[in-house]
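K.L.:
Can you read through this structure? Questions will come right after.
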Amino acid sequence: MENFEFYVPTKVVFGKGAQSRVAELVKEFGGKKVLVHFGGGSVRKSGLLKEIEDSLVNGGIDFVELGGVVPNPLLSKVREGISLCKKENIDFILAVGGGSVIDSSKAIAYGLANDCDVWDLYCGKCAARGAASVGAVLTIAAAGSETSESSVITNDDGMLKRGYSSDFGHCKFAIMNPELTYTLPKFQTFSGCVDIVMHTLERYFSKQKDTMLQDSIAEALIRTVIANAKILQLEPENYAARAEIMWASTLSHNGVTGYRFIGDWASHQLEHELSGMFGVAHGAGLSAIWGAWARYVVDAAPEKFARLGRNVFGIDDSDDSSAALKTISSFENIFSSWDMPTSLGELGIKPTDEQLDELARKCSFDNSRTIGAIKKLGIEDIRKIYAAAR
Ligand code: NZQ
Ligand code: ZN
């Protein structure tokens, strides 16, 4: 096994009624004045926002609201949040929502604690020296941002989507009540399931050796998501299934199946340009691109694809190459059964040749990087994968 660091300092409070502990947790982590940050209104509609704010009032904690975070959160909202926090002397950001709200909160937290421009962090021009405190009340099982060290922001000037990860990018606490996900539209539930599977797959396709334990956890995690997603198709308010999937979202992205970005993150990098340019839901973008990526790289690691298919789908084929192709089809069938797209056309976008060039240019950072691990992909490969996904 190779050397590694494992650092997941988030306190998780999981289960029914967990949100009632919000004021206690903010105080535990030193919050005196809170920014309550949220999205487009689902938390107001469900009554969660009022419940959280009532708890803060009862706990004697002063707060200011900032809503309006959109899926694939925007830099302009982050800047608005930084100005508001400075003006109001806010020292704690409470994200009430999903990955977009949590990521926007993390970016505001960076902006409060660093001298450099916040976007420069996301462009790799400077490194964070700290961050204000962030806590999360999670409402969707998907991105795993509640315990990950990452934040992904889209710059509205040019629609560039970029991620930033650091030890300061962890939430202090994550409140995770599976009941809060009952109000999710079906599309968001299954888009989230794709993202959970993909965080696990991206780490699975690592070039590391001696990964028996983490590969076995990964396979069990994917089997768990598939089994419980099937239940949710018929019973969206099945607590046990929502709980399994919510916990899977955290474990898929907190490093237990492969720490940090050791793995092959090509599908995520391909997807980030799709959601940056076309505003599609992250999980749906992943399911639309994954099959094209997998078929493009499968010859570089047929044995790994084959093992995955045997242990997740019970594929009974001793030939690695054909078992590998069956694995890819099996994942596409699962995504289709969740009504998730398996091509860009099904995702509702039809990029022109010029747009394919632009996607490849952005994804390769103007032809200055390769992506992927099991097979390194340059700008030409990237363009071919986008084209194959059409
Ligand atoms: O905005 P509201 O009205 O709240 O509606 C949201 C949004 O439209 C809705 N929603 C969330 N919880 C709900 C609900 N609707 C009804 N009931 C509820 N309980 O769902 C929609 C999607 O929300 P969003 O926060 O965008 O979803 P998700 O958690 O999938 O986050 C996606 C973002 O996370 C990034 C993605 O790139 C994307 O920008 N990622 C962040 C990562 C990280 N920080 O570690 C890793 C991921 O790979 C990913 O890249
Ligand atoms: Zn993801």
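The values are calculated or read from the model by the stated rules, or taken from the named source; none is laboratory data. All values derive from a computational prediction rather than experimental measurement. Reconstructed Cβ throughout: ideal geometry from the backbone, glycine too, with neighbour counts over all protein chains shown. Accessible surface areas use protein heavy atoms only, side chains included; no ligands, DNA or RNA. Shrake-Rupley method; radii C 1.70, N 1.55, O 1.52, S 1.80 Å.
K.L.:
Could you tell me which residue of segment 329-349 is surrounded by the most Cβ atoms within 10 Å (Cβ to Cβ), considering only residues that are touching a helix residue (DSSP H, G or I) at 6+ places or on another chain (Cβ under 7 Å) and free of Cβ contacts under 8 Å to residues at least 60 places away in the same chain?
P.N.:
It comes out as PRO341.
K.L.:
From the list GLY169, GLY192, pick out the single residue that is assigned by TED's automatic domain parsing to the domain that holds LYS45, within 10 Å of ligand 1 (Cβ to nearest atom) and within 16 Å of the chain's Cα centre (by Cα). Before you say what the answer is, go through the steps one by one.
P.N.:
Details: GLY192 fails: assigned by TED's automatic domain parsing to the domain that holds LYS45.
Of GLY169, GLY192, the one residue that is assigned by TED's automatic domain parsing to the domain that holds LYS45, within 10 Å of ligand 1 (Cβ to nearest atom) and within 16 Å of the chain's Cα centre (by Cα) is GLY169.
K.L.:
Moving on. Of the conditions (1) among the small types (Gly, Ala, Ser); (2) within 16 Å of ligand 2 (Cβ to nearest atom); (3) not in a helix (DSSP H, G or I), ALA218 clears all except one; give me its number.
P.N.:
Here ALA218 clears every test but (3).
K.L.:
Then there's this: Taking the options ALA227, ALA243, ALA248, name whichever one is more than 19 Å from LEU213 (Cα to Cα) and crowded, with 18+ Cβ neighbours inside 10 Å.
P.N.:
On the way: ALA227 fails: crowded, with 18+ Cβ neighbours inside 10 Å; ALA248 fails: more than 19 Å from LEU213 (Cα to Cα).
Being more than 19 Å from LEU213 (Cα to Cα) and crowded, with 18+ Cβ neighbours inside 10 Å holds for just one of ALA227, ALA243, ALA248, which is ALA243.
K.L.:
State whether one or more residues within segment 200-219 are open to solvent by 60 Å² or more (accessible area, probe 1.4 Å) and under 18 Å from the mean Cα position of the chain (by Cα).
P.N.:
No.
K.L.:
Answer yes or no as to whether TYR296 is modelled with pLDDT of 95 or more, surrounded by fewer than 24 Cβ atoms within 10 Å (Cβ to Cβ) and more than 28 Å from GLY158 (Cα to Cα).
P.N.:
The answer is yes for TYR296.
K.L.:
Additional query: For a quick check of your reading: which helices (runs of 4 or more DSSP H) sit entirely within segment 231-336 and have at least 1 residues that are within 13 Å of ligand 1 (Cβ to nearest atom)?
P.N.:
Helices (runs of 4 or more DSSP H) meeting the threshold: 239-251, 266-278, 282-297.
K.L.:
A follow-up question, please. Working only within segment 7-63, note down all residues that are open to solvent by 30 Å² or more (accessible area, probe 1.4 Å) and in a strand (DSSP E or B).
P.N.:
LYS11, VAL12, PHE14, LYS33, ASP62, PHE63
K.L.:
May I ask you to verify whether LYS186 is open to solvent by 40 Å² or more (accessible area, probe 1.4 Å) and touching a residue at least 40 places away in the same chain (Cβ under 8 Å)?
P.N.:
Here the answer is yes, as LYS186 does meet what is asked.
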